[in-house]
Amino acid sequence: VKSERSTEKAKELATYYSNMEAASAAQTLQEMKEDLDLVCDIIENMPEKKAAAILQEMDSTFAAQISKKISAIDK
């Protein structure tokens with residue numbers, strides 16, 4: 001169970017990354033590959049169009065990992 005604080009931090013980070021260029025945000029999020037849960041939380045808290053633009057800029061293997069993890073969280 002995620003703490004309320006970590007959820008709030010993910011929302012705050014999502015705002016920051018949403019305001020970045022998609023390619024820059026994608027590159028930075030990929031550098032955080034050791035914490036896929038945080039990357040997923042950030043992506044999930046973004047507007048859909050921005051999240052899609054960032055995922056499109058990511059390495060396809062990494063984007064697939066994120067997509068798989070997000071889809072598993074919802075089940």
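Miscellaneous remarks
- Only Cα pairs under 8 Å and 6+ residues apart enter the sum, and on that basis the relative contact order of the chain stands at 35 percent.
- Heavy-atom surface analysis with a 1.4 Å probe gives the chain a carbon and sulfur content of 49 percent of its accessible area.
- Using the Cβ-Cβ distance between ALA23 and ALA52 with R0 set to 22 Å, the FRET efficiency works out to roughly 0.95.
- Compactness of region 1-56, taken as the C-alpha radius of gyration over 2.2 N^0.38 Å, stands at 1.04.
- 17 Å Cα cut-off, lysine pairs counted over the chain (separation 8 or more, or different chains): 7
- Label-point separation, GLU4 to ALA64 (7 Å along Cα→Cβ), nm: 4.0 nm
- Taken about its Cα centre, region 1-68 carries a charge dipole of roughly 140 debye when the Cβ of each Lys and Arg holds +1 and the Cβ of each Asp and Glu holds -1.
The values are calculated or read from the model by the stated rules, or taken from the named source; none is laboratory data. Computed from a predicted structure; not experimentally measured. FYI the Cβ positions are ideal-geometry reconstructions off the backbone, even for glycines, and counts take in every protein chain you see. Please note that ligands, DNA and RNA were not included when accessible areas were found on the heavy atoms of the full protein model with its side chains. Shrake-Rupley method; radii C 1.70, N 1.55, O 1.52, S 1.80 Å.
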